[in-house]
Amino acid sequence: MTDPKTSTSIAEKKLVDTTPVWIDSSEQLRALCERLRTQAAVALDTEFMRSRTFYPLPALVQLGDGKRCYLVDNLAIEDLEPLRALLLDTRVTKIMHSCSEDLETLDRLLGVVPEPIFDTQIGAAITGMGAGLGYAATVNQLLQIDLPKSETRSDWLQRPLSESQKNYAALDVAWLPLVYAMLLKTLREQERLAWLQEDCSAVIDAAKTPEPPELYYRKVKGAWRLQPAQLAVLQDLCAWREREARARNMPRNHLLKENVCMSLAQAMPKYLATLSQPGLEGKTLRKYGDTLLQIIAQAGARSDLPPRLQQPLNREQGEVLKLLRKKVVALAEAAGLPPEILVRKKELEQLVQADTPVLEGRLTGWRRAVVGEPLLEELKALKCG
């Protein structure tokens, strides 16, 4: 198998100027984007703030062409349409790294999700470098370049940005084109480029279609313990919290903590006096108490109760899960892949718990032959044994 961890020549590295070019006018942006749209691929990143909001607050957009790094000040530019057109231009691949939050930020800023994308974190994993590698680690492995971490918790909404901030932001896109070229070459040699394209398309689809508020209750810890009537309350409380948090642009837990939703679903209180608890008192109780009681009452009267959620694995199922994990590790080693990218724990649990296991979701794509079908054969053998 081809090893992507090959040093890029000194000459190639010297072609990259990491000095940031500041773009803060509509005219500059238009000229830049028109030029970048003539390229096959463009490096893309964002800086945003999110400590007190539901949605990310876009603060900066970084672009790179493999030679220079451009910092687009979206706070100063009135007409961002050229940037929007660039991101929607399907002739230009957008090179990004671990891009889920960046896609959300760009959707918030421009109302679009860029495509196609080449996520270098996914590419690194599929070539066998490792799962979940950060940008700095990827650059270090492929280019033997150490990146600074000085501005990871910086205030990107401040203006003017410091020179340190600008240099840090520029480096986020400076080396992406070289990383992209190396990974692309290796993926083609391994005949795995289609795998990356499939996984990147899934990331785009997820960004375009966020999970409906009605399904958020499934994420609540311990929700499997609830009866259908209680689950209906939890479902409606979580859906209300999700919509309210989005509408107010505030973190979910600043509105109502998850454990409070769970407690209310278990108790299903009918009166304001029995609603109060840690996390739901004082100003919060006065503001939302009547609304929460109404949600609980209406949910309790629903006829379309959700089915109970799947319980944790029992001891016997747990032993089967361990055997499947060993199988995944063996399959990953044979393919030169990190086990983490082949199958998720939840996917394995669903296979173990199913009366008739079937391959769904990610396991219907390139993973079907690599891990899905072998796992079904292993399950069949274990049942027969």
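The values are calculated or read from the model by the stated rules, or taken from the named source; none is laboratory data. Quick caveat: nothing in here was measured; it's all calculated off a predicted structure. Glycine also receives a Cβ, built like all others from the backbone with ideal geometry; neighbour counts cover every protein chain displayed. We work out accessible area using only protein heavy atoms, side chains counted, and drop any ligands, DNA or RNA first. Shrake-Rupley method; radii C 1.70, N 1.55, O 1.52, S 1.80 Å.
Annotations for the structure displayed:
- Global form of segment 9-159, assessed from the alpha-carbon gyration tensor, a/c cut-off 1.5: rounded
- The residues of the chain have, on average, 51 Å² of accessible surface per residue, using a 1.4 Å probe with all protein chains present.
- Selected from A229, L272, N249, residue furthest toward positive end of dipole (segment 217-282; charges at beta carbon): N249
- Estimated at 0.36 nm per residue, the fully extended path between R218 and A181 surpasses their Cα-Cα distance by 9.3 nm.
- Springs join every pair of Cα atoms under 10 Å in this Gaussian network model of the chain, and among A334, A59, A229 the largest mean-square fluctuation is at A334.
- Mean separation of Cα contacts under 8 Å, 6 or more apart, over the residue count of segment 49-202: relative contact order %: 27
- Rough spin-label spacing in nm, given labels placed 7 Å along Cα→Cβ, for A369 and N253: 4.4
- The listed residues S98, S263, once ranked by accessible area (1.4 Å probe) with the largest placed first, stand as S98, S263.
- Within the accessible area of the chain (1.4 Å probe), percent carbon and sulfur: 50
- With the helix formula -39500 (n - 2.57) applied to DSSP H stretches of n ≥ 4, the chain reaches a computed 222 nm mean residue ellipticity of -15500 deg cm²/dmol.
- Shape category assigned to the chain from the gyration tensor of Cα positions, a/c cut at 1.5: oblate
- Between K208 and A267, full extension at 0.36 nm per residue minus the direct alpha carbon distance yields a gain of 17.6 nm.
- Charge dipole of the chain (Cα centre as origin; +1 on each Lys and Arg Cβ, -1 on each Asp and Glu Cβ, all else neutral): 1160 debye, rounded to the nearest 20.
- Across the chain, the relative contact order, built from alpha-carbon pairs under 8 Å that are at least six residues apart, equals 16 percent.
- A straight chain from S26 to S201 at 0.36 nm per residue would run longer than the Cα-Cα distance by 59.9 nm.
- Positive-pole candidate from L36, A76, S26, dipole of segment 1-113, charges at beta carbon: L36
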